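Colleague: Here's a structure for you.
The values are calculated or read from the model by the stated rules, or taken from the named source; none is laboratory data. In this text the structure is predicted, and so the values were computed from the model without any measurement. Using ideal geometry, Cβ is built from the backbone for each residue, glycine included, and neighbour counts are taken over all protein chains shown. To get the accessible areas, we keep the full protein, side chains included, count just its heavy atoms, and leave off ligands, DNA and RNA. Shrake-Rupley method; radii C 1.70, N 1.55, O 1.52, S 1.80 Å.
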Amino acid sequence: MKLLRRPDWALPERAATPEPMFRNRRAFMIGGAATVAGGAYLLGGTDHAARADLAGEAWDPAAPRNPDFTNAGRPITDEATNSTYNNFYEFASHKRIYDKAQALPTEGWTLEITGEVEQPMTLDMDALRKKMPIEERVIRHRCVEAWSMVVPWIGFELAALMKRAAPLSSAKFVEFKSFLKPEIADGQRARYYPWAYTEGLTIEEAANPLTFMVMGAYGKVLPKQFGAPIRLHVPWKYGFKSAKSITTIRFAKERPVSFWEELGPREYGFWANVNPEVRHPRWSQATEEVLGTGERVPTQIYNGYGAQVAHLYSGMSDLGDKLFR
Ligand code: MTE
């Protein structure tokens, strides 16, 4: 077992930004981002990177929108707001990391598929773009900090990649690992975090058609602050399950221990399904704030995707308890 030496503020109750601080920062960020969207460039010097991304490389040819995912029940979150409000602890423990994240070298990036599979493989991003059934999905994302957004992601179902890798019957779980580059990612120099960022799903969750590997957003190649060049998105779970900038997908016999679970198992459980009934120790999950609008809306069980995923948990009576304990 890994022994972690943490400073006071990294203890579970305080592992994430305290809510009042988080709210002030968000109000500031949203105000600033809205200004960019309006075309009045009042932001400071470090905002050049975000502006450059708004004019980023188009996904060409345009990815066809999946007709089952055209309407997320709420408008798409404004791109400028979204691309300047990100959780990416590799770069810092606050949301304004878009400029720092530009240091991530994504050229020549490879994704390794390993572990309990018939066909282990290493693929570059070009191969994935050519081989995978690329599509666009407008989808909801819900963070455990009780904010949410709607994003037009471009990518492919993880199930399509799993088909090629052919998991063995011994594969019960899938582990996702993000990059490890402390030389460019300041946050990774903090030793009390169990880098590299790690997440996990059951094999059934991974094979669900909603589980999506993201390579683009807003009609463009994925900007770095969103987790370029390839990230996971699991829309019925809290956002921390959706690991960014992934280098390795490992099929495993044992359940992986995730980054946040290792730091604070009472707050960041393995299952982490969106559930308005189960209160997080610090944040009620009954409602959520819609990023960029300030509107507060009721949270839906499984983030509203229950029809597609509730069956995965039908035999598990104590799932609520398992979320945060
Ligand atoms: N993946 C990595 N590698 N590092 C992170 O800090 N944060 C998670 C998740 N994936 C995180 C990560 C959290 S808490 C959330 S809410 C989402 O990414 C945020 O994704 P976004 O910045 O694209 O909105």
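Colleague: Any idea how far apart residue 181 and residue 119 come out in nm if each label point goes 7 Å out from Cα toward Cβ?
Modeller: 2.9
Colleague: Out of 144, 158, 134, whose Cα points farthest toward the positive end of the dipole of region 75-196 (charges: +1 Lys, Arg; -1 Asp, Glu; placed on Cβ)?
Modeller: 144
Colleague: Something else: Would you mind putting 296-304, 85-93 in packing order, based on average other-beta-carbon counts within 10 Å, highest first?
Modeller: 85-93, 296-304
Colleague: Okay, next question. May I ask you to give the percent of accessible area on region 199-285 that is carbon plus sulfur, with a probe radius of 1.4 Å?
Modeller: Details: 1160 of 2210 Å².
C and S fraction of accessible area: 52 percent.
Colleague: Could you give the nm distance between label points at residue 164 and residue 254, where each point is 7 Å from its Cα heading toward the beta carbon?
Modeller: Computed distance between label sites residue 164 and residue 254 equals 3.0 nm.
Colleague: Which entries in 172/220; 100/131; 172/237; 100/163; 95/181; 130/177 show an alpha-carbon gap greater than 27 Å?
Modeller: Violating the 27 Å limit, Cα to Cα: 172/220; 100/131; 100/163.
Colleague: Pairs of alpha-carbon atoms within less than 8 angstrom and 6+ residues apart define the contacts here; what relative contact order does region 176-216 have, in percent?
Modeller: 38
Colleague: Okay, moving on. What accessible area per residue, rounded to a whole number of Å², is obtained for region 125-219 using a probe radius of 1.4 Å?
Modeller: 33
Colleague: Quick one: which of 273-280, 127-134 comes out on top by average Cβ neighbours within 10 Å, and what's the full order, highest first?
Modeller: Details: 273-280: 19.0, 127-134: 15.5.
Descending packing order for the listed peptides: 273-280, 127-134.
Colleague: Relative contact order, percent, of region 59-133 when contacts are C-alpha pairs under 8 Å separated by at least 6 residues? Numbers along the way, then the final one.
Modeller: On the way: 43 pairs, mean separation 10.9, N = 75.
RCO, region 59-133: 15 percent.
Colleague: Between residue 76 and residue 126, what is the label-to-label distance in nm when each label sits 7 Å out along the Cα-to-Cβ direction?
Modeller: It works out to 2.8 nm between the two label points.
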